[in-house]
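A.B. asks: Dropping a structure here in structure tokens format, bear with me for questions.
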Amino acid sequence: MEGFVQLPRLGWSGNVSFIFDTGADTSLLMPLDAQRMGIDYGLFENEMSTLGIGGASENFVESAYLAFVGDEALYGYEIDLHICKPAEELMTIPSLLGRDVIDQWRVTYNKSELELLAEVIRWDAREPLED
């Protein structure tokens, strides 16, 4: 899933290829993408530890905008993006698009056609869905 990421506090932006990960609570920028885009880890302030399938992960959390191109529009989301601390063993792992964004979409997976369709049902991730 191709997206555009902007970290407004740091003035950084760039395109990122995300893995669609329904098991991830939050979206995660991995060190390979951060390095490729020239992110200076020394500028981050908000550090936290999270637990995932691979164990504990040390991340920074930064307010971010994510944008995706749809059939008829550009859809944007303001989220708290987790940015994984660099480590050699993480340099081949792609960034993850988590449920903080995916939950805003209607997703259909057709295994026989090898097709994953995501239809935007809302584009303001900070506001709760109405029942």
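The values are calculated or read from the model by the stated rules, or taken from the named source; none is laboratory data. Keep in mind that this is a model prediction, so the values were computed, not measured. A quick note on method: Cβ atoms are made from the backbone with ideal geometry, for glycine too, and the neighbour counts reach across all protein chains shown.
A.B. asks: Just to confirm my filter: which strands (runs of 3 or more DSSP E) fall fully inside the range 44-110 and include at least 2 residues that are surrounded by fewer than 12 Cβ atoms within 10 Å (Cβ to Cβ)?
C.D. replies: Where strands (runs of 3 or more DSSP E) fall fully within the range 44-110 and carry at least 2 residues being surrounded by fewer than 12 Cβ atoms within 10 Å (Cβ to Cβ), they are 47-52, 55-69, 105-110.
A.B. asks: Failed condition for TYR41, given (1) of a type in the set (Ser, Thr, Tyr); (2) modelled with pLDDT of 90 or more; (3) closer than 16 Å to LEU10 by Cα, with all others met?
C.D. replies: (2)
A.B. asks: Name the residues in the range 11-30 that are charged (D, E, K, R) and within 9 Å of the chain's Cα centre (by Cα), would you?
C.D. replies: Matches in the range 11-30: none.
A.B. asks: Find all pairs meeting these conditions: Cβ atoms under 6 angstrom apart; at least six residues apart or on different chains; first residue within the range 8-31 and part of a loop (DSSP other than H, G, I, E, B); second residue basic (Lys, Arg).
C.D. replies: Correct list of pairs: ASP25/ARG99.
A.B. asks: Under 6 Å by Cβ, and 6 or more places apart or on different chains, what pairs join a residue from the range 67-93 that is more than 14 Å from SER27 (Cβ to Cβ) with one that is among the charged types (D, E, K, R) and surrounded by 11 or more Cβ atoms within 10 Å (Cβ to Cβ)?
C.D. replies: Taking only residues 6 or more apart or on different chains, the pairs are LYS85/GLU58.
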